[in-house]
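Asks: Here it is, the structure, as structure tokens.
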Protein chains: 2
Amino acid sequence: MPATSAKRKPTRDAAATRERILKAAKLEFAKKGLGGARVDEIAERAMINKRMLYVYFGNKEDLFLAVLEEAYADIRRAETRLELEHLEPIEALATLVRFTWSYYLKHPEFLRLVNSENLHRARHLKRSARIKDMHSPFIRLIGDLLERGVEAGVFRSGIDPNQLYISIAALGYYYLTNRHTLSVIYGRNLGAAPALDERFAAIEDMVFRTVLKVPEKG
Amino acid sequence: MPATSAKRKPTRDAAATRERILKAAKLEFAKKGLGGARVDEIAERAMINKRMLYVYFGNKEDLFLAVLEEAYADIRRAETRLELEHLEPIEALATLVRFTWSYYLKHPEFLRLVNSENLHRARHLKRSARIKDMHSPFIRLIGDLLERGVEAGVFRSGIDPNQLYISIAALGYYYLTNRHTLSVIYGRNLGAAPALDERFAAIEDMVFRTVLKVPEKG
DNA sequence: CGTATAAGTAACTAAACAGTGACATAAAGA
DNA sequence: TCTTTATGTCACTGTTTAGTTACTTATACG
């Protein structure tokens, strides 16, 4: 019995095959969207026979949903590792703002997948049982963070945690997904390092001016 | 000579046919993206023979670029009509913030087209000669607006007009394009009227807290 | 009035596409 | 060892797709 934990033989490993398909699909869907992605391309990239893809995931759209769920699980797992509940309110917020920006920057495939899903009006995600449960703890966390800040006298009261989180996401997400068209419009490469740093500074500034009770000196 | 201004006969009107193709293409591309859009569908919707589409626009991708250029021209034309240069700085900024939100809300096809183009890393827009010229006057306008506000003593100095405009766009754009996945995550219809009003209030608040020199009373 | 040409049509093609039916083989337990 | 089942392969299909070839008809102008 070569147990589940031990290294398996290279042939006939269902779990590994599934993983390879999922990884290849993530790449292909992120690159070309749902409509543009090619099942044959995914199969080739995963080095499996196309038939297996249908055995494991049913069809193209179900595979897309599986990819999306995994992508969301990844970011929420990473957020959990921040342990914001153990940080001072200001530090916690700064950490969250920086994390959100960095994650989007390091994981462009996440942005592209979410964009594709929204192009389809969240048709697939609506069918997902896991998604909502994945997010509710995180939403509560931000509410707690704001409350702690108000109690400590550093944050304004009356800030809606949902709106705040949407704004933090928006300020980075929009810039990063739209940097290609924005670069054409502004005639400047907004994906280059100095431009990215400038943008992050602007985001941080905006969030803290919105949340802090006492304006900074200057 | 039934001049250009007079009403033309319904048959064999090249300009009208071109317009119909463009309008149908905008709808189809906005709905399904570049990869998902079907040329046959566009032809049917425009009530033309598919062949004409290739005569007028070359191919699918060139047609997509034409649609994009038109969409950008539309929003920039609408912005020009605001005549921000004739308004007081605070009123001008408030007008711009409200306009940007309303335009995105009323023209979801614009957001979807821009998203699609960014999925393709602005491949088409990069080839466009018109785009950059369309935007530079507008970018200057926001710089002037901020300067006037600083001189009048109502705005902080040192605000980057580019970052500010990107933020104004971001706060609305992200919410509106991603409202479908966000609605699933938050378990609440973010496209409904009360949620939209809440969001706009949050955007306005954030922008003015960032820009105003003297914090509001309260 | 006749003809050049712009505007439009019909029918087709070659390739790409998602999905499947029938078959083969490795692994694990009886 | 034998049998079952999970894992994997091969070759195919019916449809859809962007783009084209060959043709027709309305209209403007000499």
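Asks: Residue by residue, what Karplus-based ³J(HN,Hα) values in Hz, rounded to whole numbers, does segment B:32-46 have, using 6.51, -1.76 and 1.60 with θ = phi - 60° and x for Gly and Pro?
Replies: Whole-Hz 3J(HN,Hα) from phi for segment B:32-46: 10, x, 5, x, x, 5, 10, 4, 4, 5, 4, 4, 5, 5, 7.
Asks: Normalised by the residues of segment A:1-121, what does the relative contact order come to in percent, with Cα pairs under 8 Å and at least six apart?
Replies: The value is 27 percent.
Asks: Is the C-alpha gyration tensor of the protein assembly as shown telling us rounded, prolate or oblate? Criteria: a/c under 1.5 is rounded; beyond that, a/b larger than b/c is prolate, otherwise oblate.
Replies: oblate
Asks: Please state the relative contact order of chain B as a whole percent: Cα pairs under 8 Å, 6+ residues apart?
Replies: 19
Asks: A further question on this structure: Charges on Cβ only, +1 for Lys and Arg, -1 for Asp and Glu, centred on the Cα centroid of the protein assembly as shown; of A:I166, B:Y186, A:Y56, which one is farthest towards the dipole's positive end?
Replies: Projecting each Cα onto the dipole axis, the largest value belongs to A:Y56.
Asks: Any idea what the dipole of the protein assembly as shown comes to, in debye rounded to 20, about its Cα centre with Lys/Arg Cβ at +1 and Asp/Glu Cβ at -1?
Replies: That gives a dipole near 2120 debye.
Asks: Per DSSP H run of at least 4 residues, take -39500 (n - 2.57); add these up for chain B, divide by its residues and hand me the 222 nm value, nearest 500 deg cm²/dmol.
Replies: The per-residue figure over chain B is -23500 deg cm²/dmol.
Asks: Report the one residue of A:T210, B:A30, B:F155 whose Cα lies farthest in the direction of the positive end of the charge dipole of the protein assembly as shown (charges on C-beta: Lys and Arg +1, Asp and Glu -1; origin at the Cα centre).
Replies: Going by the charge dipole, the pick is B:A30.
Asks: Can I ask one more? Apply the a/c threshold of 1.5 to the C-alpha gyration tensor of chain B and tell me whether it is rounded, prolate or oblate.
Replies: Prolate.
Asks: Starting from the amide H of A:L87, placed 1.01 Å from N in the peptide plane, find each other amide H under 5 Å away whose residue is 5 or more places distant or on another chain.
Replies: Amide H neighbours of A:L87: none.
Asks: What are the residues whose amide H is under 5 Å from the amide H of A:F155, where those residues sit 5 or more places off or on another chain and H is modelled from the backbone?
Replies: When sequence neighbours closer than 5 places are left aside, the close amide H contacts are A:V150, A:K213.
Asks: Would segment B:115-218 count as rounded, prolate or oblate if I go by the C-alpha gyration tensor, calling it rounded below 1.5 in a/c and otherwise prolate when a/b exceeds b/c, oblate otherwise?
Replies: oblate
Asks: Also, quick follow-up: Rank A:T95, A:L84, A:I21 by how far each Cα sits towards the positive end of the charge dipole of chain A (+1 on Lys, Arg Cβ; -1 on Asp, Glu Cβ) and give me just the farthest.
Replies: Towards the positive end, the residue furthest out is A:I21.
Asks: Considering only lysines 8 or more places apart in sequence, or on different chains, count the pairs in segment B:18-150 whose C-alpha atoms sit under 22 Å apart.
Replies: For segment B:18-150, qualifying lysine pairs total 19.
Asks: If you average the sequence gap of Cα pairs under 8 Å that are 6 or more apart and divide by the length of segment A:106-218, what percent do you get for the contact order?
Replies: 26
Asks: For segment B:143-151, take each phi angle, set θ = phi - 60°, evaluate the Karplus expression 6.51 cos²θ - 1.76 cosθ + 1.60, and give the result in whole Hz per residue in order, putting x for glycine and proline.
Replies: Taking θ as phi minus 60°, the curve returns x, 4, 4, 5, 4, 4, x, 5, 4 Hz for segment B:143-151.
Asks: Based on Cβ point charges of +1 for Lys and Arg and -1 for Asp and Glu, what charge dipole magnitude is obtained for segment B:139-218 about its Cα centre, in debye rounded to the nearest 20?
Replies: With only Lys, Arg, Asp and Glu charged at Cβ, the dipole is about 140 debye.
Asks: Still on this structure, please answer the following. For chain A, give the magnitude of the charge dipole about the Cα centre (Cβ charges: +1 Lys/Arg, -1 Asp/Glu; no others), in debye to the nearest 20.
Replies: 1060
A short reminder: the numbers here are calculations on the coordinates, not readings from a lab. Since the model is a prediction, treat every value here as computed from it, not as a measurement. Heads up, the Cβs are rebuilt from the backbone with ideal geometry, glycines too, and the neighbour counts pull from every protein chain shown.
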